[in-house]
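Down below is the structure, laid out as structure tokens.
The values are calculated or read from the model by the stated rules, or taken from the named source; none is laboratory data. Quantities reported herein were computed from a predicted structural model and do not represent experimental measurements. FYI the Cβ positions are ideal-geometry reconstructions off the backbone, even for glycines, and counts take in every protein chain you see. These accessible areas exclude ligands, DNA and RNA; they are computed on the full protein's heavy atoms, side chains included. Shrake-Rupley method; radii C 1.70, N 1.55, O 1.52, S 1.80 Å.
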Amino acid sequence: MNMEYTKTILVTGGAGFIGSHLVRLLVNKYPDYRIVNFDKLTYAGNLKNLTDVEKAPNYTFLKGDICNLQEMQDVFEHYDVTDVIHLAAESHVDRSIEGPMEFVMTNVVGTVNLLQVAKAYWTGENHVFHHVSTDEVYGSLGSEGLFEETTAYDPRSPYSASKASSDHFVSAFHHTYGLPVKMSNCSNNYGSHHFPEKLIPLMINNIVHKKPLPIYGKGNNVRDWLWVVDHVSAIDAIFHLGRVGESYNVGGLNEWTNLDLVKHLCKLMDQKLGRAEGENEELITYVTDRAGHDMRYAIDATKLETELDWRPSVTFEEGLEHTVDWYLANAEWVEEITSGSYREYYQSMYDNR
Ligand code: NAD
Ligand code: TYD
């Protein structure tokens, strides 16, 4: 047992978008916890997301793959891991359509690996395995209704199928072996350090460079957006206060059609970049729809709000402005990410679409 720390939390995928925000929160808020960030550093993982905490005494980074059983066993053994917050995943729907197997490996096999190691290593009480998941496992809504924790799973993309499978394994390890798990299913996140393959950072980057803004189909698909800082505050609440064996939906009742959202972003960035009103909107281009494109996601987070008193801290307008300001102030972060293999990705995904 580590005598100087009250917990040793293994955060998987802590160099990614949401993971880096969570690691920052945990390292700063809980100096009595040791935070071990375990990340493979795929295209989506970036240690530059964490320069502000890399020297903190309670922080350790380890490069590794959750699919590697030996590596996971060594980490549990060496650091005496008491808790896990599991975010490592392949996370982009379009990539899952091009190549599902990587999603099966990391999201399903990697998760089961981690569950096996936690089950073997944890004998006493007071452990938590918090699995971070998505609302996409519930499938696609029509114009009415919200996803609740009791909504039947109906994943429709290879990404959501792999996440749904991992959720089922987490739940099975609780029911079969008594592993102390908690789960959260969150709506679409946005914020700083977001890889520019997802809608909002891709559009911000394209607006900056006056490139076409590719709207899939007619742009009337609906997503429910939550600021990443609010998602990690929800994970903090669920990890500490949520009930073992339960899942919690996370969202802020903030639905936008893709077209309305992109138009809103165009207006905001007309002002920020000193461009004429309407200039950015002219960049909107309708492209071939995504295969199997889910129509609408929307989260009912009543359970989280009533049980754990969690609320989003900002309006969408505030969060989006903060996000745009961050991208404009951190052009070199974007430049570094978009200078290499991103170009090939972009061409294969968007040229001739
Ligand atoms: P991301 O793609 O930005 O980051 C994923 C991280 O996992 C990267 O740092 C990557 O290097 C790491 N990783 C990938 N494969 C790995 C492996 N085999 N071993 C170790 N590390 C590996 O993803 P994100 O948007 O930060 O999402 C984090 C988690 O939250 C995922 O589980 C995702 O399904 C879930 N989630 C995301 C959203 C969203 O809107 N982005 C919403 C709800 C839930
Ligand atoms: P995305 O950010 O990939 O998240 P998800 O598919 O996990 O919800 O996409 C959000 C929405 O934006 C989705 O309806 C697809 C759409 N979209 C576009 O219209 N154009 C794009 O270039 C991208 C990346 C997404």
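Report the GluC sites (Glu not before Pro) located in segment 1-85 that are in a DSSP loop and have at most 12 other Cβ atoms inside 10 Å of their Cβ, or state none. Counting only loop positions with at most 12 other Cβ atoms within 10 Å, the GluC sites (Glu not before Pro) in segment 1-85 are Glu4.
Cβ under 13 Å from Asp80's Cβ, Asp80 left aside: what net charge do those residues give with Lys, Arg +1 and Asp, Glu -1? Write down the numbers at each step before the final one.
Numbers: positive: Lys7, Arg34; negative: Glu4, Asp74, Glu77, Asp83.
Net charge in that neighbourhood comes out at -2.
Excluding same-chain neighbours fewer than eight residues apart, the aspartates and glutamates reachable from Lys40 by a Cα-Cα span under 17 Å are Glu54, Asp65, Glu71, Asp74, Glu90, Glu102.
Within the set of other residues whose C-beta is less than 11 Å from the C-beta of Ala276, count the net charge using Lys and Arg as +1 and Asp and Glu as -1.
Working: positive: Arg275; negative: Asp270, Glu277, Glu279, Glu281, Glu282.
Value of the local net charge: -4.
Toward the positive end of the charge dipole of the chain, with +1 on the Cβ of Lys and Arg and -1 on the Cβ of Asp and Glu, the farthest Cα among Leu50, Val132, Tyr345 is that of Tyr345. Given in Å, the Rg to one decimal and the Dmax to the nearest whole number for the Cα atoms of the chain are 19.8, 64.
Principal-axis analysis of the Cα atoms of the chain puts helix 341-350 at an angle of about 60° to the longest axis.
Of the trypsin sites (Lys or Arg not before Pro) in segment 283-327, the ones in a loop by DSSP (not H, G, I, E or B) with at most 16 other beta carbons within 10 Å are Arg290. The chymotrypsin sites (Phe, Trp or Tyr not before Pro) of segment 130-176 that meet both conditions, a loop assignment by DSSP and at most 16 other Cβ atoms within 10 Å of the site Cβ, are Tyr153. The amide H of Phe129, built 1.01 Å from its N in the peptide plane, has Val84, Val181, Lys182 as neighbours under 5 Å, considering only residues 5 or more places off or on other chains.
Put simply, when 178-190, 10-22, 123-135 are sorted by average Cβ atoms within 10 angstrom per residue, most first, you get 10-22, 178-190, 123-135.
The C-alpha atoms of the chain define a longest principal axis, and helix 69-79 lies at about 70 degrees to it.
With helices as the sole contributors, the chain gives -12000 deg cm²/dmol at 222 nm; each DSSP H run of n ≥ 4 counts as -39500 (n - 2.57), and the sum is divided by every residue.
Summing charges over all other residues whose Cβ lies under 12 Å from the Cβ of Glu148, with Lys and Arg as +1 and Asp and Glu as -1, gives -2.
From the Cα gyration tensor of segment 231-325, with a ≥ b ≥ c the square roots of its eigenvalues, which class applies: rounded if a/c is under 1.5, or else prolate if a/b is larger than b/c, or else oblate? Note, shape of segment 231-325 comes out oblate. On average, how much accessible surface per residue is there in the chain, in Å², for a 1.4 Å probe, leaving out ligands, DNA and RNA? In whole numbers, the chain has 42 Å² accessible per residue. Helix 111-121 axis versus longest C-alpha principal axis of the chain: approximately 20°, rounded to the nearest ten.
Could you please state how large a percent of the accessible area of segment 232-341 is carbon and sulfur, counting protein chains only and using a 1.4 Å probe?
Values: 2570 of 5190 Å².
About 50 percent, which is the carbon plus sulfur part of the accessible surface.
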